[in-house]
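Below: the structure, in structure tokens.
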Amino acid sequence: TFAWAGKYHENMNSRETLFTELGVLAERPPEIPASYKDSQFVFLANTHPGVQLQMLEGLPRRRLTVADTMDLWINVARAELDVLLTKVDGLVLNYDEAELLTGKSNTVAAARQVLKMGPKFVVVKKGEHGCILVHRDGIAALPAYPTELVVDPTGAGDSFAGGMMGHLASHPLHKSGGIVSFQAFGEALAHGTVVASFNIESFSLERLSSLKRAELDKRYAEFVGMVRV
């Protein structure tokens with residue numbers, strides 16, 4: 001399997017990669033099952049950008065495609081990543097990766113530089129400081145949900161992206177054939193933030209495996225109340 005080891009800093013925001021073993025990711029990826037080929041909302045989870053490009057080719061009905069990446073691919077597969085960025089609608093990455101990709105330490109400036117590479121929007125994750133969306137139609141920023149219990153931040157980024165994509169896929173604008181509005185993206189960021197806040201409360205997938213929709217809706221309502229001005 002793929003294996004990654006890292007060491008989190010004391011504040012749990014930053015991490016240091018100790019080693020990465022590609023394992024099966026170094027092999028030819030499996031074919032996409034026929035039942036998935038009609039997927040319209042696609043999240044390309046973190047893997048080699050060459051594999052992500054191959055996945056895109058197997059999903060001809062895609063309407064919204066968002067990719068994730070990490071420092072490893074920025075360092076060792078930049079050429080393929082540059083091609084990928086011309087073919088996706090959005091990119092999700094953390095602030096360290098945004099700086100590494102663009103050479104800009106300011107988060108907004110880095111995101112705007114990524115927009116020039118092809119995507120229509122960029123979501124920069126900032127750990128306990130929330131996230132920033134830089135879209136061609138504007139900028140949105142959200143704090144993190146103020147969780148008291150932080151056990152394991154591993155997977156917070158993936159669960160954030162999953163919550164975000166889930167909302168975008170179920171938004172009424174999509175069902176009526178409309179386009180993704182800037183407002184829909186703001187709501188999607190809030191959904192992703194809430195899902196991630198549950199993920200960090202326990203080790204691995206333990207908390208998400210027991211999560212109920214009523215809990216999610218309750219925390220989402222609380223979060224919207226907190227950030228409303």
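The values are calculated or read from the model by the stated rules, or taken from the named source; none is laboratory data. Since the structure is predicted, the reported quantities are computational estimates derived from the model, not experimental observations. In this analysis, Cβ positions are derived from the backbone assuming ideal geometry, glycine residues included, and neighbour counts consider all displayed protein chains. Each accessible area value is taken on the protein alone, full model and side chains, heavy atoms only, with ligands, DNA and RNA left out. Shrake-Rupley method; radii C 1.70, N 1.55, O 1.52, S 1.80 Å.
Can you say whether Ser204 is part of a loop (DSSP other than H, G, I, E, B), within 16 Å of Gly162 (Cβ to Cβ) and in contact (Cβ under 8 Å) with a residue 24 or more places away in the chain, as far as the supplied structure shows? Break it down into steps so the answer makes sense when it comes.
Working: part of a loop (DSSP other than H, G, I, E, B): yes; within 16 Å of Gly162 (Cβ to Cβ): yes; in contact (Cβ under 8 Å) with a residue 24 or more places away in the chain: yes.
Yes, satisfied.
Taking the range 16-39 as the range and being open to solvent by less than 60 Å² (accessible area, probe 1.4 Å), of a type in the set (S, T, N, Q) and closer than 30 Å to Ser170 by Cβ as the test, only Ser39 passes. Residue selection: Asp71 fails the criterion of being open to solvent by 30 Å² or more (accessible area, probe 1.4 Å) and farther than 29 Å from Gly23 by Cα. Beta carbons closer than 6 Å, at least 6 apart along the sequence or on distinct chains, pair a first residue in the range 153-173 that is of a type in the set (Gly, Ala, Ser) with a second that is open to solvent by less than 20 Å² (accessible area, probe 1.4 Å) and in a helix (DSSP H, G or I) for Gly155/Asn199; Ala156/Ala196; Ala156/Asn199; Ser159/Ala196; Ser159/Asn199; Gly163/Gly192.
When the residues of the range 78-133 are filtered to those that are polar (S, T, N, Q) and in contact with a helix residue (DSSP H, G or I) (Cβ under 7 Å, 6 or more places away or on another chain), the one that is most open to solvent (accessible area, probe 1.4 Å) is Ser105. Inspect all residues belonging to the range 6-15 and state whether any of them is part of a loop (DSSP other than H, G, I, E, B), open to solvent by less than 70 Å² (accessible area, probe 1.4 Å), in contact with a Leu (Cβ under 9 Å, 6 or more places away or on another chain) and at pLDDT below 95. No, that holds for no residue. Within the set Asp137, Asp38, the sole residue that is more than 22 Å from Ser159 (Cβ to Cβ), of a type outside the set (A, V, I, L, M, F, W, C), more than 17 Å from the chain's Cα centre (by Cα) and modelled with pLDDT under 90 turns out to be Asp137. Consider the range 134-146 and keep the residues that are crowded, with 16+ Cβ neighbours inside 10 Å and of a type outside the set (A, V, I, L, M). The one that is nearest to Ala67 (Cα to Cα) is His135.
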